Amino acid sequence: MEKHDQSEKFRTSGKHSQGGATAGFLFAVLLMLAAPAWAEPVKVWRSNPHYFFYKDKPLVLITSDQHYGAVIDRDFDFAKYLDFLSAQGMNLTRIYPGGMFEPPGKYITGSPLGPSPGRQILPWAKSGQTGANPALAQAGQPSYRFDLDSWNPEYFNRLNAFVEMANRKGIIVEVAFFNGMYADCWPLMAMYHGNNIQNVGQYEANDCGLFTTMDSRNEGVVRYQKAYIVKITTELNGYDNVIFDLCDEPSLVGQPDGNIIVMPDSKVAPWLLAMKDAFLKAEEPLPRKHILGQTVQNLSPDFSRAPWCEWLPTEYVTPAGKAIDKNYGVNKPIVDVESDFFGYGLTGAYTVEDVRVEGWWFMLRGGAGFINLNGEYRHGQETGGKNTQTIIVPQKKILLDFMNSLNLAGLNRFTDFEGVPSGAFASAVAEPGKQYALYLFHGANDGKWGAHFIARAGTYRDTITLVAVPAGTYGLEWLEPATGSVTGTDTINWPGGNFKVTTPVYSIDVALRMRAR
């Protein structure tokens with residue numbers, strides 16, 4: 001495993017203190033001084049706020065990702081994983097830095113968000129007091145409780161090494177502090193009363209939803225949730241390749257019987273605002289200012305219009321579609337941060353074709369980024385399986401290259417088209433009169449709660465009408481998204497008006513790139 005090469009004296013591992021904040025500040029200053037003159041964290045692009053801006057150019061984010069535990073799972077060789085992403089041209093990964101994780105093998109054996117017993121590495125130091133959940137114990141050893149007032153230096157070495165390596169390889173790290181709580185996860189958490197010496201978190205699995213509220217029963221936990229945000233934020237301040245996300249699905253309550261309860265906004269919103277305040281207060285004295293987001297249209301209050309909520313995470317095809325429909329007008333980047341789980345399928349069979357079509361559909365609907373959640377990444381298999389290596393990731397690179405071939409400055413969601421056939425889905429972005437990008441595929445929603453599309457192969461040739469296309473000479477290219485091959489070209493002198501385009505014959509999906517000449 002690659003070691004972090006910055007001096008230990010610029011990191012803290014002890015009690016919450018002003019000294020700890022100062023050390024984090026000094027570490028951030030050193031990184032800032034060593035960085036190129038143009039360096040600053042990922043921002044929202046002023047020229048077109050539907051996209052990001054980084055290293056003096058616009059940025060779209062696309063990846064096929066591990067299940068968020070790359071840092072907290074000791075057995076996950078993140079150097080191999082990041083090497084693979086970088087070699088394949090992927091530019092994003094997402095981590096949960098310890099505020100929530102899963103029981104071992106909850107969905108897929110070897111998932112990094114469910115480390116093997118005792119192989120979790122978390123931000124808090126272990127005490128000498130035994131009695132914690134046995135699943136937190138090293139093999140053959142007692143299960144020691146956490147001391148929530150002391151940080152774990154080994155964890156922060158690993159966190160810094162991960163983000164630093166990602167930085168060198170041009171990979172953006174999305175840090176999601178929390179997730180809505182599940183009954184089977186809560187008894188494993190450091191903030192559960194049986195697992196810490198402070199005895200905070202005095203509630204059981206049936207009441208796990210208290211974790212994302214300001215309820216009096218969660219008062220002690222809230223104190224340490226804020227401290228955790230402050231510590232992570234301070235520790236990572238010196239890195240430009242980081243964006244933050246408060247909490248994934250904070251309104252979700254996973255019940256012991258497997259059902260999901262959704263809490264009202266009135267319960268969750270005050271907690272989110274308290275966590276937001278902790279983040280902003282932590283960054284206020286620090287050199288770098290990073291962007292913060294909060295989930296929209298899926299198990300979360302909608303803070304899309306709040307100035308502090310600078311980018312909008314969403315997930316799964318139905319909520320992601322709603323996010324574009326309802327939130328695109330607030331002019332912030334919208335990122336689908338979680339697809340259905342490839343290799344598991346939350347709502348049934350989930351194929352490589354399904355993975356491809358949902359990414360293209362979302363990005364050409366106006367998205368700024370897309371994460372394919374991929375169960376082929378496991379500890380011991382950090383470069384994925386055959387599907388990942390030969391199909392999923394290469395096809396994600398084709399999509400990323402396609403997006404980067406467009407002039408993002410003038411690009412916006414485009415809905416002025418007609419003639420989409422029954423059983424097909426279409427999405428488009430455009431700068432009318434200058435450039436158009438259209439995507440069309442045949443398939444269906446999964447028919448349950450909308451986790452993914454089901455791609456349907458056939459022999460198709462369709463005609464779509466682009467409404468009110470200005471006069472001009474346009475070059476057309478049709479692409480096969482599975483391979484990136486150009487399957488047809490044309491040049492048309494257009495007098496202006498409704499413009500009909502007929503696709504080449506295709507089997508599942510096709511993309512059009514059309515530019516004024």
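The values are calculated or read from the model by the stated rules, or taken from the named source; none is laboratory data. What you are looking at is a predicted structure, and each value in this text was computed from that prediction instead of being measured. Note that we place each Cβ from the backbone using ideal geometry, even for glycine, and neighbour counts take in every protein chain shown. Just so you know, the surface numbers come from the protein's heavy atoms only, side chains and all, with ligands and any DNA or RNA stripped out. Shrake-Rupley method; radii C 1.70, N 1.55, O 1.52, S 1.80 Å.
Over region 59-101, with a single point scatterer placed on each C-alpha, what log10 of the ratio I(q)/I(0) does the Debye formula yield at q = 0.22 1/Å?
Summing over Cα pairs of region 59-101 leads to -0.75.
Ranking request for peptides 101-111, 69-79: highest mean number of other beta-carbon atoms within 10 Å first, then the rest in descending order.
So the order, starting with the most tightly packed, is 69-79, 101-111.
Counting residues in region 333-459 as N, plug N into 2.2 N^0.38 Å and put the Cα Rg over that result.
In units of the 2.2 N^0.38 Å rule of thumb, it is 1.10.
How large is the convex hull of the C-alpha atoms of region 77-116 per residue, in Å³? Show your work: numbers first, answer last.
Values: hull volume 3.5 nm³, N = 40.
It is 87 Å³ per residue.
To the nearest 10 degrees, how steep is helix 18-34 against the longest Cα principal axis of the chain, on a 0 to 90 scale?
40
What percent of all Cα-Cα pairs in region 431-517 falls into each 5 Å bin, going from 0 up to the bin containing the maximum distance?
In whole percents, the pair-distance histogram is 3, 13, 22, 21, 15, 12, 8, 3, 1, 0.
List the residues whose amide H sits under 5 Å from the amide H of Phe52, counting only those 5 or more places along or on another chain, with H placed 1.01 Å from N in the peptide plane.
Trp45, Leu59
Would you calculate the volume per residue, in Å³, of the smallest convex hull containing every Cα atom of the chain?
Dividing the Cα hull volume of the chain by its residues yields 137 Å³.
State the dimensionless ratio Rg/Rh of region 243-377 (Rg: radius of gyration of Cα atoms; Rh: Kirkwood radius). Let's see the in-between values first.
Details: Rg = 15.8 Å, Rh = 16.0 Å.
The Rg/Rh ratio comes out at 0.99.
Using only the alpha-carbon atoms, how far is helix 219-235 inclined from the longest principal axis of the chain? Give it as 0 to 90 degrees, nearest 10.
Taking the Cα atoms of the chain, the angle to 219-235 is about 70 degrees.
Determine the equivalent ellipsoid of region 58-163 by diagonalising the alpha-carbon gyration tensor, then write out the semi-axes as square roots of 5 times the eigenvalues, largest first, rounded to whole Å. Intermediate results must be reported in sequence, preceding the final value.
Values: eigenvalues 158, 46, 23 Å².
Three semi-axes, in Å: 28, 15, 11.
Using the Cα atoms as the points, what is the convex hull volume per residue of region 297-395 in Å³?
Enclosed volume per residue, from the Cα hull, is 110 Å³.
So how much slack lies between Val352 and Ser422, counting 0.36 nm per residue of separation and subtracting their Cα-Cα distance, in nm?
Length gained, Val352 through Ser422: 22.9 nm.
Going by average Cβ density within 10 Å per residue, which order do the peptides 174-180, 220-226 take, highest to lowest?
174-180, 220-226
Whose amide H sits under 5 Å from the amide H of Ser127, counting only residues 5 or more places off or on another chain, with H placed in the peptide plane?
Arg145, Phe146, Asp147
For region 247-395, compute the number of Lys pairs whose alpha carbons are separated by less than 16 Å, excluding pairs fewer than 8 positions apart on the same chain. Provide the component values of the computation, followed by the final result.
On the way: Lys267/Lys276; Lys276/Lys289; Lys281/Lys289; Lys322/Lys332.
Lysine pairs meeting both conditions in region 247-395 amount to 4.
Using the C-alpha gyration tensor of region 116-271, what are the square roots of 5 times its eigenvalues, in whole angstrom, with the largest one first? Intermediate results must be reported in sequence, preceding the final value.
On the way: eigenvalues 126, 95, 42 Å².
Square roots of five times the eigenvalues give 25, 22, 14 Å.
If you restrict to DSSP beta bridges whose two residues both lie in the chain, what percentage is antiparallel, to the nearest 5? Kindly include the intermediate steps, with their values, before the conclusion.
Numbers: 57 of 85 bridges.
That works out to approximately 65 percent antiparallel.
Tell me what the chain gives for mean residue ellipticity at 222 nm when only DSSP H runs of n ≥ 4 count, each as -39,500 (n - 2.57), the sum divided by the residue total, rounded to 500 deg cm²/dmol. All intermediate terms of the calculation are to be shown ahead of the outcome.
On the way: 8 runs with 114 residues, N = 517.
Helix-only estimate at 222 nm: -7000 deg cm²/dmol.
Tell me, how many Å apart are the Cα centres for region 447-517 and for region 155-184?
The distance from the Cα centre of region 447-517 to that of region 155-184 comes to 38 Å.
Residue by residue through region 374-388, what is 3J(HN,Hα) from phi via Karplus (6.51 cos²θ - 1.76 cosθ + 1.60, θ = phi - 60°)? Round to whole Hz and write x for glycine and proline.
10, x, 6, 8, 9, 5, x, 9, 6, 9, x, x, 4, 4, 5
So, for the chain, what is the accessible surface per residue at a probe of 1.4 Å, expressed in square angstrom?
Per-residue value: 36 Å².
What part of the accessible area of the chain, given as a whole %, is carbon or sulfur when the probe is 1.4 angstrom?
C and S atoms contribute 50 percent here.
Quick one: which residues, 5 or more positions from Val42 or on another chain, have an amide H under 5 Å from its amide H? H modelled 1.01 Å from N in the peptide plane, none for Pro or chain starts.
For Val42, whose amide H was placed from the backbone, the distant partners under 5 Å are Val242.
Which order do the peptides 260-271, 425-436, 345-356 come out in when sorted by mean C-beta neighbours inside 10 angstrom, highest first?
Those peptides, ordered most packed to least, come out 425-436, 345-356, 260-271.
Specify the angular offset, from 0 to 90 degrees and rounded to the nearest 10, of the alpha carbon long axis of helix 153-168 from the longest principal axis of the alpha carbons in the chain.
20
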